[in-house]
Amino acid sequence: MSTITLAGKDVARTDDGFFEDPSQWTEDMVPELAKAEGIEQLTDRHWVVIRFMRSEYLTKGTGPSVRALGKSSGVPIKELYELFPKGPAKQAAKIAGIPKPIGCI
Amino acid sequence: MPGIEKISIVISKGSLEGIYPGLIMANGARAEGIEAHLFFTFFGLDAIHRKRHEHIKLATVGNPALHMATWLGGFPGISSVMTHYIESKMEGIDIPSIPEFIEMIADTGAGLWACKATVDLFGMSKDDFVEQVQGIITVGDFYELAAGGQIIFT
């Protein structure tokens, strides 16, 4: 576990960079989190995915896999990988302040 | 310790249980941001064959882990029945069919390649394969593609 300061708040994260407590997340942390993932230009499409991750987590208790994202977020898989080249579900979960989605597909 | 950055997976078998593990590993690699290539060789080519990849069957003979008598496994229709059963189980846990999975893996940016020696041996051509296949390549080309990463043979 490690602590970093985001938007002026101390946030506890796991060793691989996911929020320990998703309730600590606020939208103003997103630009900084995205930048740390190598995403300099945050677009509306990034936000669609980030907000979708967040709402899925809040309703279902876990974030969606890449396949589920492609099916339900309105952003197709090809574009998801363009937006989040290092793994859409994983990177978007980090940026949305939720735990790493579990699942193999 | 740096993680795995690149993986190349060889799929050499044409049965359901011979194809899925390689697909799942390639897709999972991309989900982790790992560069991935799939190289289809020998009967593994059926996974990317336009007309065959919708009809991939579970091997019911010579598989003791099915816990079924060998003579029963060879009975007409058993392979289809078992395939149907396992496919419905897979659908239940949201594993895509092979054609859909191939398309999805191509969309993740993974490379899909056919083995030239086998394509020649089976008298096939690029038209026999789904459009997501990027090329028919030699073993030498494959090693070039795989350079700097790990190779898994399935």
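The values are calculated or read from the model by the stated rules, or taken from the named source; none is laboratory data. Keep in mind that what you see is a predicted model, and the values were worked out from it rather than measured. Backbone-built Cβ (ideal geometry, glycine too); neighbour counts: all protein chains shown. All accessible areas refer to the heavy atoms of the entire protein, side chains included, with ligands and DNA or RNA removed. Shrake-Rupley method; radii C 1.70, N 1.55, O 1.52, S 1.80 Å.
Where the only charges are on Cβ atoms (+1 Lys, Arg; -1 Asp, Glu), what is the dipole of the protein assembly as shown about its Cα centre, to the nearest 20 debye?
On the way: 24 positive and 32 negative charges, 90 e Å.
The calculated dipole for the protein assembly as shown is roughly 440 debye.
Rounded to the nearest 500, what is chain B's calculated 222 nm mean residue ellipticity when only DSSP H runs of at least 4 contribute -39500 (n - 2.57) each, over all residues?
Calculated mean residue ellipticity at 222 nm is -11000 deg cm²/dmol.
Could you check how many percent of all C-alpha pairs in the protein assembly as shown are farther apart than 27 Å? Don't skip to the end; give the middle numbers.
Numbers: 15267 of 33411 pairs.
Of all Cα-Cα distances in the protein assembly as shown, 46 percent exceed 27 Å.
Can you give me the solvent accessible area of B:L58 with a 1.4 Å probe, rounded to the nearest 10 Å²?
The value for B:L58 is about 10 Å².
Could you work out the per residue convex hull volume over the alpha carbons of chain B, in cubic angstrom?
127
Suppose every Lys and Arg Cβ carries +1 and every Asp and Glu Cβ carries -1, with no other charges. What dipole size does chain A come out with about its Cα centre, to the nearest 20 debye?
With Lys and Arg at +1 and Asp and Glu at -1, about 440 debye.
So, in nm, how far is label A:K86 from label A:K71 when the simple model puts each one 7 Å beyond its Cα toward the Cβ?
Computed distance between label sites A:K86 and A:K71 equals 2.8 nm.
Given the pairs A:K86/B:K13; A:K86/B:K116; B:K13/B:K51; A:K35/A:K86, which span a C-alpha to C-alpha distance of over 23 angstrom in this model?
Over 23 Å Cα-Cα: A:K86/B:K13; A:K86/B:K116.
Compute the normalised compactness of region B:62-142: alpha-carbon radius of gyration over 2.2 N^0.38 Å, N being the residue count. Don't jump to the answer; show the numbers that get you there.
Numbers: Rg = 17.1 Å, N = 81, 2.2 N^0.38 = 11.7 Å.
Rounded to two decimals, the normalised Rg is 1.46.
Can you pull a Stokes-Einstein diffusion coefficient for region B:1-72 at 20 °C (1.002 mPa s), Rh from Kirkwood over Cα pairs, as a whole number of µm²/s?
Estimated diffusion coefficient is 157 µm²/s.
Working with all protein chains in place, sort A:W47, B:W71 by solvent-accessible area computed with a 1.4 Å probe, largest first.
B:W71, A:W47
Taking R0 as 45 Å, what's the FRET efficiency between B:H67 and A:V48 from their Cβ-Cβ distance, rounded to 0.05?
So, using R0 = 45 Å, E works out to roughly 0.45.
Let a ≥ b ≥ c be the square roots of the eigenvalues of the Cα gyration tensor of region A:33-98; is it rounded (a/c under 1.5), or, if not, prolate (a/b larger than b/c) or oblate?
oblate
Need one number: nm distance between label points at A:D15 and A:Q41, each 7 Å from Cα along Cα→Cβ, rounded to one decimal.
With each label point 7 Å from Cα toward Cβ, the separation is 3.7 nm.
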